[in-house]
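A short write-up of the structure that comes next.
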Amino acid sequence: MGLLSFLREMIDGGGTDEDKRMHAELDQVRAMAEAAERGEAMPDGATLGPKMRRRYHFVGMVQGVGFRFTATNLASSVGATGWVSNERDGSVIAEVQGISEQIDAVIDGLDRYYNGRRFMGGFTIESVSTVPVVEDEHDFHPKY
């Protein structure tokens with residue numbers, strides 16, 4: 001959830017229809033990941049892969065627009081772990097850890113919020129790589 005959506009919810013109890021759809025999708029991904037961790041069967045024969053960690057390098061309008069805040073909220077909402085950090089060159093680096101559905105939900109959410117709205121300026125992913133999983137990591141947070 002981005003800053004504007006968060007403020008909109010605080011004021012009127014809801015966001016746009018797109019925000020509500022995104023929240024529902026994020027809730028579904030989180031529920032699936034939690035069920036997988038408990039060893040429960042997945043609905044409709046869905047299967048979840050192993051935990052992984054991806055490192056993303058974002059360029060574009062990613063500093064001064066709430067990008068770290070939004071990434072943290074999205075990752076936390078689906079139960080992904082990792083961190084996000086501003087770089088000196090104006091880009092942002094993030095490491096997102098979880099099952100692929102959790103990671104994809106975070107990146108898709110960022111894309112919808114920042115690239116789906118003209119006034120935000122948008123971003124591109126300059127690079128993505130798979131990095132080793134960090135054991136015993138329990139949250140997603142901004143690095144300063």
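What follows is calculated from the coordinates using simple rules that are stated; it is not laboratory data. Everything quoted here is computed from the prediction, not taken from an experiment. FYI the Cβ positions are ideal-geometry reconstructions off the backbone, even for glycines, and counts take in every protein chain you see.
List of remarks:
- Ordering 99-106, 64-71, 52-59, 124-131 by mean Cβ neighbour count within 10 Å, with the highest value first, yields 99-106, 64-71, 52-59, 124-131.
- Near residue 93: Cβ cut-off under 15 Å, other residues only, Lys/Arg at +1 and Asp/Glu at -1. The net charge is +2.
- Full-extension gain in nm, residue 130 to residue 25, via 0.36 nm per residue minus C-alpha separation: 35.4 nm
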